[in-house]
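Remarks on the structure that follows.
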Amino acid sequence: MADPSSYRPSPGQIPDSPGVYKFRDEHRRVIYVGKAKNLRQRVASYFQDLAHLHPRTRTMVTTAASVEWTVVSTEVEALQLEYTWIKEFDPRFNVKYRDDKSYPYLAVTLNEEFPRVQVMRGAKKKGVRYFGPYGHAWAIRETVDLMLRVFPVRTCSAGVFKNAARTGRPCLLGYIDKCSAPCVGRVTPEEHRALAEDFCDFMAGRTGTYIRRLEKDMMQAAEEMEYERAARLRDDAGALKRAMEKSAVVLADATDADLIAVAEDELEAALQIFHVRGGRVRGQRGWVTDKVEAVDTAGLVEHALQQLYGEERGDAVPKEVLVPALPEDTEAVSQWLAERRGAQVSLRIPQRGDKKDLMTTVQRNAQQALGLHKTKRASDLTTRSRALEEIAEALGLDAAPLRIECYDISHLQGDDVVASMVVFEDGLARKSEYRRFQIKGFEGQDDVRSMHEVIGRRFKRYLQEKERTGEWEQPPPASGEAPHPAQFPPAPHPAQGAPLPADGTDPRDTDPRGDDGREDDGRPKRFAYPPQLVVVDGGQPQVAAARRALDELGIDDIAVCGLAKRLEEVWLPDDDDPVVLPRSSEGLYLLQRVRDEAHRFAITYQRSKRAKRIRSSPLDDVAGLGETRKQALIKHFGSVKKLRQATIEEICQVPGIGRRTAESVAAALASAAPAAPAVNTATGEIMEEDDGGTS
């Protein structure tokens, strides 16, 4: 626990301008981001007597090790920069609303030549028009099914669309008039886009125009005695009315507004948002957050507005936002919203009438969501806490292991040997911290040696980060003493014949995001944070290898254990007998979950590497030969085997292949050993290679 006075800046250093400030911990991670109209007053308020601070603020300032700030010219800029940094650094002491699910949207892909109507989840894409969010995907599909009678827009996937265009036959929806079948040319791209835009207009709330037009056409058809057409128009109008009935009218004046309500207690807060468009509720969503900072209702609303509209532009930001409490700096927040919409936005508290009544309904939903969340989480928190305490007691740890890392080795008969590292924090998987390794120090099958290599590489990287930030200095070797293992340059990899970097790490240590690490700027780094417990998948040999790797690096404050699959025994270094946890133990269950997740992550990576290797071809090694020309070569000759037998002059006959490229192809195929022939195990017949696969 740090003393805030040790990093308190002098008052004269802090400007009295608007700005954004960051608190960092001893590992240089950003743990809190805030904004202020007057930086000097706001930052100084954190360095008063600890007894006068809110408990959460006290925890934050004693966890921090430094504070820094950035001056901006306006309060609106401060609001935008605060949102950007919270999103970038993910500070642990900032309020962050989390969804308990991914809400589905009705999306129209206006960025395609033939726009498609579909259900979408996840991040929004440029050029796509979204409506919602909806509570259930089936609600979207029911609405779309009704509306396709009037707006027969394409709903099929790209594959189905291309297949219909190739065969000249539309899908079933085209035959029953629920698709205008642009795939076979029944309508032009311009006519189909007009249908999609009309669909969007109707969904945006401009419904009266279309229903009146249908009713007018129906009456005209009846007068002309075209009764079948009149009946069809009558059914179309009825379908649109039924689609409208699915979202009840809540505001009679066709208001476009978002209503935000907050239910909170001392520890948590639940947020509910109703999206009202054209006076009808078009979507609803809910968020829940831990109150990790001292924040009131106005502060919760401000954080919600940042998260809700931080990535939105144009009509996605409504004309009116109704809230239970106004943010502290209402004018700056309103101006920020107006900039994102491109027009004036009204931010206010409803005082009377229909909007006040609807806000009461939203508030009731928020209260119910908070109660449901607390009921679920109470047992979850209790279970996880008990599991961590049981692990600490069984392994003789001083405290519960809040960060657990588990390692597993995966291979197929000694080929494609890989390893995984998964991370659980506070008993929950933290997938952004997962990492994966390729075993490069040797070839063949040796799980113990592989485990030693992986643990060594991971914690060499940890020591490198500590040394770079000045937290750890490597002691010089005593006279006559061998240098510390971390000082040795690693041996060359047998496969590559080249040494690793001098820090002993392998730059090919990868993670799911393909990240090569980040600078010392407070953002999450790859191997910078140590666990309290390392779990390995295996028994005594694997545990001994992991402990030996840590000892060689001089790390003695990280506990190690292994979980053997056969009897689910927990092995500790230097112990001849395992620790046997009861089968009903929550601690054992947590260790099993960690181990199984490491196994899943490792085998997924190993399978992807194996599949990639199987699909590889000698042509992959030809510099400058792209996928198109590879396919042209295979198509021309029929297989890699026949291509290998071709002369350079014959290869040059392929369109797009010059003599220099032909020589490179011939050289690559000559140096690559052909694969062993396939054998039919039923007949013993040797099968010739005649496809365009790998060689």
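Place +1 on the Cβ of every Lys and Arg and -1 on the Cβ of every Asp and Glu in the stretch 1-134, take the dipole about the Cα centre, and give the residue among PHE47, GLY12, GLN118 whose Cα lies farthest towards its positive end. The residue sitting most towards the positive pole is GLN118. Spacing of the modelled spin labels on GLU311 and GLU191, each 7 Å from Cα toward Cβ, amounts to 3.8 nm. In µm²/s, what is D for the stretch 12-124 at 20 °C and 1.002 mPa s, where D = kT/(6 pi eta Rh) by Stokes-Einstein and Rh is the Kirkwood radius from Cα pairs? The Stokes-Einstein estimate is 129 µm²/s. Stretched out straight at 0.36 nm per residue, the stretch from ARG607 to GLU389 would grow longer than its current Cα-Cα span by 74.9 nm.
Could you work out the local net charge near GLU112, counting Lys and Arg as +1, Asp and Glu as -1, over the other residues with Cβ closer than 10 Å to its Cβ? Present the calculation step by step, with values, prior to reporting the outcome.
Numbers: positive: ARG116, ARG154, ARG193; negative: GLU113.
Once all neighbours under 10 Å are counted, the net charge is +2.
Measuring against 27 Å, Cα to Cα, the residue pairs LYS609/LYS641; LYS87/LYS125; LYS87/LYS126; LYS87/LYS460; LYS87/LYS124; LYS96/LYS565 contain LYS87/LYS460; LYS96/LYS565 as the ones spanning a longer distance. When the convex hull of its Cα atoms is viewed from all sides, the stretch 329-427 shows a mean projected area of 14.5 nm². In the stretch 38-90, the C-alpha radius of gyration followed by the widest Cα-Cα span (Dmax) gives 12.9, 34 angstrom.
Can you tell me what percent of all Cα-Cα pairs in the stretch 330-379 are more than 12 Å apart?
Working: 887 of 1225 pairs.
Percent of Cα pairs beyond 12 Å in the stretch 330-379: 72.
Annotation: average projected area of the stretch 280-375 is 6.9 square nanometres, based on the convex hull of Cα atoms across all directions. Modelled spin labels at ARG352 and GLU68, positioned 7 Å past Cα toward Cβ, are 5.4 nm from each other. Computed from the C-beta positions of SER671 and THR647, the FRET efficiency with R₀ = 25 Å rounds to 0.90.
Please compute the length gained on full extension between TYR175 and SER17, using 0.36 nm multiplied by the number of residues separating them and subtracting their Cα-Cα distance.
Numbers: separation 158, 0.36 × 158 = 56.88 nm, distance 6.68 nm.
This chain segment gains 50.2 nm when fully extended.
Extension gain for the segment GLU228 to GLN344, taken as residue separation times 0.36 nm less the Cα-Cα distance, is 36.9 nm to one decimal. A simple rule links phi to the HN-Hα coupling: the Karplus curve 6.51 cos²θ - 1.76 cosθ + 1.60 with θ = phi - 60°, which for the stretch 590-607 gives 5, 4, 5, 4, 5, 5, 5, 5, 5, 5, 4, 5, 5, 6, 5, 5, 5, 5 Hz, with x for Gly and Pro.
Within the assembled protein chains, the solvent-accessible surface assigned to ASP145 is about 80 Å², based on a 1.4 Å probe. Less than 5 angstrom separates the built amide H of GLU268 from those of LYS291, all sequence-distant by 5 or more or on a different chain. For the stretch 560-602, the alpha carbon positions stretch 30, 24, 18 Å along the principal axes, listed from largest to smallest.
For ALA65, the residues whose amide H sits under 5 Å from its own are ARG24, ASP25, GLU26, ignoring neighbours fewer than 5 places away on the same chain, with H placed 1.01 Å from N. In this structure the stretch 1-48 gives 48 Å² per residue of accessible area when probed at 1.4 Å with all protein chains present. Annotation: per residue accessible area for the stretch 177-224 equals 53 Å², rounded to a whole number [probe 1.4 Å, protein chains only].
The values are calculated or read from the model by the stated rules, or taken from the named source; none is laboratory data. This structure is a prediction, so every number in the text was calculated from the model and none was measured. Counting neighbours? That spans all protein chains shown, and the Cβs are built from the backbone with ideal geometry, glycine included. For the accessible areas, the whole protein counts, side chains as well, though only heavy atoms, and no ligand, DNA or RNA atoms are used. Shrake-Rupley method; radii C 1.70, N 1.55, O 1.52, S 1.80 Å.
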